[in-house]
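Have a look at the structure below, then the notes.
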Amino acid sequence: MRPAPAAIVIALASAAAILGAYFFQYVIGLAPCPLCLDQRVPHYIAIPLALVVALAAARGAPRLWWRAGFALLAIALLVAAGL
């Protein structure tokens, strides 16, 4: 997969996770626990970072830049998985 569409998929997946959490919180009325709130933070970081990586890859930024962006995305999402 090319880097720009891959980064957009990551941004959409993180946005879907956040929207799902908001659905349970605001529509169903299920109050989140502190751990649930902590698990959202990496997704809050991943969404804009993935969009920046997608833009950089689409505009022909050096490969090192968007690879570093993907590495940061991997770290953020691994933190989310570890929580």
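The values are calculated or read from the model by the stated rules, or taken from the named source; none is laboratory data. Just so you know, these numbers come straight off a predicted model, no measurement behind them. When the accessible area is computed, the model is the full protein with side chains, heavy atoms only, and any ligands, DNA or RNA have been set aside. Shrake-Rupley method; radii C 1.70, N 1.55, O 1.52, S 1.80 Å.
Skip the ligands, DNA and RNA, and give the accessible area per residue of the chain with a 1.4 Å probe, whole Å². Could you put the intermediate results ahead of the total?
Details: 5490 Å² over 83 residues.
I get 66 Å² per residue for this part.
Report, as a whole number in µm² per second, the diffusion coefficient that Stokes-Einstein gives for the chain at 25 °C and 0.890 mPa s using the Kirkwood radius over alpha carbon pairs.
Working: Rh = 13.3 Å.
Here the translational diffusion coefficient equals 184 µm²/s.
Under the Karplus relation 6.51 cos²θ - 1.76 cosθ + 1.60, θ = phi - 60°, what is the ordered set of whole-Hz ³J(HN,Hα) values for region 29-41, x standing for Gly and Pro?
Using θ = phi - 60°, the values come out as x, 8, 6, x, 7, x, 5, 4, 5, 5, 5, 7, 4 Hz.
Which residue fluctuates the most in the chain, going by a Gaussian network model with Cα springs under 10 Å, if the choices are Val52, Val41, Val27?
Top of the fluctuation ranking is Val27.
Ignoring ligands, DNA and RNA, please state the percent of accessible area on the chain from carbon and sulfur, probe 1.4 Å. Kindly include the intermediate steps, with their values, before the conclusion.
Values: 4120 of 5490 Å².
Summing carbon and sulfur atoms, their accessible area is 75 percent of the total for the chain.
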